[in-house]
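The values are calculated or read from the model by the stated rules, or taken from the named source; none is laboratory data. Predicted model, so just to flag it, every value in this text is computed and none were measured. Note that each Cβ is placed from the backbone with ideal geometry, even for glycine, and that neighbours are counted across all protein chains shown.
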Amino acid sequence: MYGIKHQNQQSTSINTKTQNSKLIEKLHNSESRIHELQLQVDDMASFSNQLEVLHKKLDASIGGISIIHSSEAIVGDNIFAHVATFIDAAIKVIQDLQEKLEESLKTRNLLL
């Protein structure tokens, strides 16, 4: 009787340890996934801030073009210079965002 009881206790102990190990593994996986998601949230916040800056630059450029157009004090080449400057700035911001997105995707793939 004692032998059977002892075997049952050992079996229960082994099952408990196995379940514990599985839960610990799931916990580590969850923590890793949370960290990965936090990095993505941080990246998205950075992208959002950069888009906001781009939007402000766009508004400023459009406002400047409107003032130039309505006052007719400056014509032709200056309007195109302002548009070209804005386009160059937009291209740089988009390229920076593209690079950060690629880095984020590389990091994400490494974590998976």
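Going residue by residue through region 45-65, is there one that turns out to be among the β-branched types (Val, Ile, Thr) and at pLDDT below 75? Talk me through it step by step, then tell me what you get.
Keep residues of region 45-65 that are among the β-branched types (Val, Ile, Thr), which gives 53, 62, 65.
When the remaining residues are screened for being at pLDDT below 75, the result is 62, 65.
Looking for residues that are among the β-branched types (Val, Ile, Thr) and at pLDDT below 75, one finds at least one in region 45-65, hence yes.
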Among (1) modelled with pLDDT under 75; (2) touching a helix residue (DSSP H, G or I) at 6+ places or on another chain (Cβ under 9 Å) - the single one Gln7 does not satisfy: (2)
